[in-house]
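Take a look at the structure below.
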Amino acid sequence: PCSCLVVALRQYFMFVTGMNKDVVETKLRAVVPLDGSFAVFLGNDTKTFVIYVDEPVGTAIAMSMRGMAKDRPLTHDLLGHVLRAFGAKVDRVVINHLENGVYHARLIMSAENELQQRKVVELDARPSDSIALAVAQNAPIFVSNQVWEQVDDVSDTLEDLEKRGRQRGRKGTETEEE
């Protein structure tokens, strides 16, 4: 049992310190509502890409991202509460595959029992659900190098959207002052 813990800690250390070069860490950059869906922008300083998600999940991601209080728990909140009730949490999300425009992800969770034995579970999951859970629990989101190389960089598109949003905000303020 002890040697398993050492191996697990070593693997975790390698992953956390970036020694595992198979993935790229990303941040949730923006969530933009569209007609019937949401655009979720993920990226880092070098690249940003977009995943389109359905409206309920996009709303959940946006609300968690902004720290908005909810009257009642949404599905992702409920799952987060269940995980915590069992001493589990989302450790990280890895968007690991892209085929025919469809993203796939792995949800990596861990739980510790009263004997301080840690168990790590990796599940196949939709990236949208995985992102919603990760944002709600402040867990990191990673993208495999294979996917990272496949996706188009939409940093300029996001920058344009942000500029338009700031301009609309200023126009709204000017109108209110008049």
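The values are calculated or read from the model by the stated rules, or taken from the named source; none is laboratory data. Remember, it's a predicted structure, so these values are computed and weren't measured experimentally. Virtual Cβ from ideal backbone geometry, glycine too; neighbours counted across all protein chains shown. Ligands, DNA and RNA are stripped out before the accessible areas are found, and what is left, the full protein with its side chains, is counted by its heavy atoms. Shrake-Rupley method; radii C 1.70, N 1.55, O 1.52, S 1.80 Å.
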**Prompt:** Right, Val143: out of contact with any helix residue (DSSP H, G or I) (no Cβ under 7 Å at 6 or more places or on another chain) and in contact (Cβ under 8 Å) with a residue 12 or more places away in the chain or not?
**Reply:** yes
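The rows are residues; the columns are (1) among the hydrophobic types (A, V, I, L, M, F, W, C); (2) without any contact (Cβ under 8 Å) to a residue 12 or more places away in the chain.
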position	(1), (2)
Ala30	yes, no
Asp35	no, yes
Phe38	yes, no
Asn44	no, no
Val50	yes, no
Gly58	no, no
Ser64	no, no
Ala69	yes, yes
His81	no, yes
**Request:** Identify the residue in the range 91-114 that is among the polar types (S, T, N, Q) and in a strand (DSSP E or B) and, among all such residues, is modelled with the lowest pLDDT.
**Result:** Ser110
**Asked** Could you say whether any residue in the range 118-128 is surrounded by 11 or more Cβ atoms within 10 Å (Cβ to Cβ), of a type in the set (Lys, Arg), at pLDDT 90 or above and in a strand (DSSP E or B)?
**Response** no
**Asked** Among Val102, Val82, Val93, Val53, which is under 17 Å from the mean Cα position of the chain (by Cα) and exposed (fewer than 11 other Cβ atoms within 10 Å of the Cβ)?
**Response** Val102
**Asked** Checking Asn138 against (1) of a type in the set (S, T, N, Q); (2) part of a strand (DSSP E or B); (3) exposed (fewer than 11 other Cβ atoms within 10 Å of the Cβ), which test does it fail?
**Response** (2)
**Request:** Please work out which residue is nearest to Gln137 (Cα to Cα), limiting yourself to the range 63-79 and to residues that are under 14 Å from the mean Cα position of the chain (by Cα) and open to solvent by 60 Å² or more (accessible area, probe 1.4 Å).
**Result:** Met65
**Prompt:** Got a number for residues in the range 7-52 being assigned to a loop (DSSP other than H, G, I, E, B), modelled with pLDDT of 95 or more and of a type in the set (Lys, Arg)?
**Reply:** 1
